[in-house]
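What follows is a set of notes on a single structure, which appears directly below.
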């Protein structure tokens, strides 16, 4: 047996060397894997303030599409602090978020407020968080009619509604249709989670986060960090990076007074009436 000892020691040293080589190979393999295959990301988009102009709408749509097209982004968090904006612009963003949700999980974190059009955008997501005192709801429409047509001897029009599009009476009925579209979207997207009837929703009331949870307007009380974890969970990723898409695309929002005074919406010309999913500051 003593004669076999040197041979056995040689085998043991050889075996230890193989183990060491295997460990080194595994470490190198992991390093190469991490280098070649990028860690998945959760993208974060911040929507802040009212959405009244074309540029703001286009910037938000650009960020949503970036998140949709970037294969390394596996889930998206929308951080919303908005009283809404002009109806067609809100609807455009809502449809873009629905398209994103078809391909990747989308989770919303409502900060100070997600009301009117801000809430309209939020319901396009898979899951909505809000803080206890966040404001949600205000499901309704504000509309501004054009000024009545004035007699002008220098201008000829072929019909009484050529400059306004339609009668003020007829347009009032259209406002109701726009409101119904908003209500139907809320009911369709929230589904069985909604614990408030259509009649109550149509009152356009604002609720704090705690009441929003009770009525099913949001899914859970939580923070932006909770929303990020939920989004990663939906995407089934445990190790991930964060991408600030606003920063990535160099998009910032101008901080203006949060709620809008109604006088700022008055029509200056005889143009087609404008609808807003926007919370107006009470007088």
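The values are calculated or read from the model by the stated rules, or taken from the named source; none is laboratory data. This structure is a prediction, so every number in the text was calculated from the model and none was measured. Note that we place each Cβ from the backbone using ideal geometry, even for glycine, and neighbour counts take in every protein chain shown.
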Checklist line | Those residues of segment 176-193 which are buried (at least 17 other Cβ atoms within 10 Å of the Cβ) and either in a loop (DSSP other than H, G, I, E, B) or out of contact with any helix residue (DSSP H, G or I) (no Cβ under 8 Å at 6 or more places or on another chain) (or both), in sequence order | finding: 179, 189, 190
Next item on the list: Look through 109, 138 and report the one residue that is on the phi > 0 side of the Ramachandran plot and either crowded, with 17+ Cβ neighbours inside 10 Å or modelled with pLDDT of 95 or more (or both).
Entry: 138
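Can you name the residue in segment 94-106 that is touching a strand residue (DSSP E or B) at 6+ places or on another chain (Cβ under 7 Å) and either free of Cβ contacts under 8 Å to residues at least 60 places away in the same chain or in a loop (DSSP other than H, G, I, E, B) (or both) and is also surrounded by the fewest Cβ atoms within 10 Å (Cβ to Cβ) among such residues? Step through it out loud before you land on a result.
So in segment 94-106, the residues touching a strand residue (DSSP E or B) at 6+ places or on another chain (Cβ under 7 Å) come out as 97, 100, 104-106.
Filter again for either free of Cβ contacts under 8 Å to residues at least 60 places away in the same chain or in a loop (DSSP other than H, G, I, E, B) (or both), leaving 97, 100, 104-105.
Details: 97: 27, 100: 24, 104: 19, 105: 21.
Within segment 94-106, the match that is surrounded by the fewest Cβ atoms within 10 Å (Cβ to Cβ) is 104.
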Check: If residue 66 passes every condition in (1) in contact with a strand residue (DSSP E or B) (Cβ under 7 Å, 6 or more places away or on another chain); (2) touching a residue at least 60 places away in the same chain (Cβ under 8 Å); (3) crowded, with 17+ Cβ neighbours inside 10 Å; (4) not in a strand (DSSP E or B) but one, which one does it miss?
Finding: (1)
Checklist line | Which numbered condition residue 258 misses (of (1) more than 30 Å from residue 173 (Cβ to Cβ); (2) touching a strand residue (DSSP E or B) at 6+ places or on another chain (Cβ under 8 Å); (3) part of a loop (DSSP other than H, G, I, E, B); (4) modelled with pLDDT of 95 or more) | finding: (4)
Notebook entry, point to check: Before we move on, is residue 71 without any contact (Cβ under 8 Å) to a residue 12 or more places away in the chain, at negative phi and part of a loop (DSSP other than H, G, I, E, B)?
Noted result: yes
Note to self: As an exercise: evaluate residue 200 against (1) more than 15 Å from residue 122 (Cα to Cα); (2) assigned to a helix (DSSP H, G or I); (3) in contact with a strand residue (DSSP E or B) (Cβ under 9 Å, 6 or more places away or on another chain) and give the number of the one condition it does not meet.
What the structure shows: (3)
Next item on the list: Would you mind telling me which numbered condition in (1) part of a helix (DSSP H, G or I); (2) within 10 Å of the chain's Cα centre (by Cα); (3) farther than 23 Å from residue 215 by Cα residue 119 fails?
Entry: (3)
